[in-house]
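As structure tokens, the structure follows; a few thoughts come after it.
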Amino acid sequence: MLVSACLLGQRVCYDGDHAQLADDVLLTQLRSKFTVIAICSEILGSLATPKPVAEIQQRSGGIEVVYCARQSVTAAFVAGAYKATHLARQHQVSCALLKSKSPSCGRGLIYDRSFTSQLCQGDGITVQHLQALGIEVYHEGEIGLLLDDN
């Protein structure tokens, strides 16, 4: 199973912090059920930490990921997503637990493209790539589903 590195305590979030899962018992149970492979597709895409906030924007030619200063980082996000899918194939991954709301890893809800902390329906770039491979993607609020279903 792929797991966002930030959820495992690695300081790879945009602000240089982590988003470590608060419940060590759930994390221990997860590790007892799955081989956990830590990933950060933004780091895999060669983005530094810390970095400016990024959001997915709709453009006439498709989607683009931009920093709040409107600098495009789409190529790095896509490169990281490809590397994540390569790891998933290499390790025969069937599911992933990724960080919610992220332009890379968010599933179902991401920030709304306005840089005002509002949410909208959508999936991050890495989520889109993993789902295209048939990999089930969960966010950290759904960890219980992984423990119940598998």
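Picking from residues in region 31-83 that are aromatic (Phe, Trp, Tyr) and in a helix (DSSP H, G or I), the one that is nearest to residue 146 (Cα to Cα) is 82. Summed over region 12-50, residues that are crowded, with 16+ Cβ neighbours inside 10 Å and of a type in the set (Lys, Arg) total 0.
One line per residue, one yes/no per condition, for (1) in contact with a helix residue (DSSP H, G or I) (Cβ under 6 Å, 6 or more places away or on another chain); (2) closer than 17 Å to residue 58 by Cβ; (3) surrounded by fewer than 13 Cβ atoms within 10 Å (Cβ to Cβ):
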site	(1), (2), (3)
108	no, no, no
112	no, yes, no
117	no, no, yes
120	no, yes, yes
124	no, yes, no
141	no, no, yes
146	no, no, no
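Within region 123-144, the set of residues being more than 12 Å from residue 65 (Cβ to Cβ) and in a loop (DSSP other than H, G, I, E, B) comprises 123, 133, 134, 135.
List, please: which pairs have Cβ atoms under 6 Å, are six or more places apart or on different chains, and start with a residue in region 91-120 that is within 16 Å of residue 73 (Cα to Cα) and end with one that is of a type in the set (S, T, N, Q) and at pLDDT 95 or above? Between residues of region 91-120 that are within 16 Å of residue 73 (Cα to Cα) and residues that are of a type in the set (S, T, N, Q) and at pLDDT 95 or above, the close pairs are 104/41; 104/126; 105/4; 105/126.
Comparison of 40, 95 shows that the only residue that is closer than 15 Å to residue 5 by Cβ, modelled with pLDDT of 95 or more and not β-branched (Val, Ile, Thr) is 40.
A count restricted to region 121-150 and to residues that are among the aliphatic types (A, V, I, L, M), touching a Leu at 6+ places or on another chain (Cβ under 8 Å) and free of Cβ contacts under 8 Å to residues at least 24 places away in the same chain stands at 0. Report yes if some residue within region 79-86 is in contact with a helix residue (DSSP H, G or I) (Cβ under 7 Å, 6 or more places away or on another chain) and of a type in the set (S, T, N, Q); otherwise report no. Yes, region 79-86 contains a residue that is in contact with a helix residue (DSSP H, G or I) (Cβ under 7 Å, 6 or more places away or on another chain) and of a type in the set (S, T, N, Q).
Based on what the data block shows, is residue 101 of a type in the set (Lys, Arg) and closer than 25 Å to residue 24 by Cα?
Against the criterion (of a type in the set (Lys, Arg) and closer than 25 Å to residue 24 by Cα), residue 101 qualifies.
Checking the structure you have, find out if any residue of region 79-87 is buried (at least 19 other Cβ atoms within 10 Å of the Cβ), aromatic (Phe, Trp, Tyr) and either within 16 Å of the chain's Cα centre (by Cα) or modelled with pLDDT of 95 or more (or both). Scanning region 79-87, I find no residue that is buried (at least 19 other Cβ atoms within 10 Å of the Cβ), aromatic (Phe, Trp, Tyr) and either within 16 Å of the chain's Cα centre (by Cα) or modelled with pLDDT of 95 or more (or both), so the answer is no.
The values are calculated or read from the model by the stated rules, or taken from the named source; none is laboratory data. Since we're looking at a predicted model, the values are computed, not measured. Reconstructed Cβ throughout: ideal geometry from the backbone, glycine too, with neighbour counts over all protein chains shown.
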